[in-house]
Amino acid sequence: LGVCPTDLPAHIATVLTRLGLPATWSGPYQPADVLAAMAHDKKRRDGRLRWVLPRCIGAVEMCDDAPAAVVLAALQRTRQP
């Protein structure tokens, strides 16, 4: 969505990996299935999913209008086949 510097996602992934935390996901579900399941998340507001998006290290913004196509693309990029 363009709210953070282009190098921030790779930096966050590196930190997660160094801490022994996953930066990717895998499993039997396809990204479209995960997105469909998210539609039932209890944290939805007014029928929309809420996201916490990093702006930079130490700063985030709330978003409830992320296009489904953008979320799906992010899920596809982070999924390990």
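The values are calculated or read from the model by the stated rules, or taken from the named source; none is laboratory data. In this text, all values refer to a predicted model and were calculated from it rather than measured experimentally. Cβ: placed from backbone, ideal geometry, glycine included. Neighbour counts: every protein chain shown.
Filtering Asp46, Asp7 for residues that are modelled with pLDDT under 95 and acidic (Asp, Glu) leaves a single hit, Asp46.
Anything in segment 23-47 that is of a type outside the set (Ser, Thr, Tyr) and in a loop (DSSP other than H, G, I, E, B)? List them, or say none. Listed by number, the residues that qualify are Ala23, Gly27, Pro28, Gln30, Ala39, His40, Asp41, Lys42, Lys43, Arg44, Asp46, Gly47.
If the condition is being within 30 Å of Gly47 (Cβ to Cβ) and in a loop (DSSP other than H, G, I, E, B), then segment 5-22 contributes only Pro22.
Does any residue of segment 48-56 turn out to be among the charged types (D, E, K, R), surrounded by 12 or more Cβ atoms within 10 Å (Cβ to Cβ) and in a strand (DSSP E or B)? Yes, segment 48-56 contains a residue that is among the charged types (D, E, K, R), surrounded by 12 or more Cβ atoms within 10 Å (Cβ to Cβ) and in a strand (DSSP E or B). Looking at segment 25-47, which of the residues that are out of contact with any strand residue (DSSP E or B) (no Cβ under 7 Å at 6 or more places or on another chain) and in contact (Cβ under 8 Å) with a residue 24 or more places away in the chain is surrounded by the most Cβ atoms within 10 Å (Cβ to Cβ)? So, considering only residues that are out of contact with any strand residue (DSSP E or B) (no Cβ under 7 Å at 6 or more places or on another chain) and in contact (Cβ under 8 Å) with a residue 24 or more places away in the chain, the one surrounded by the most Cβ atoms within 10 Å (Cβ to Cβ) is Leu35.
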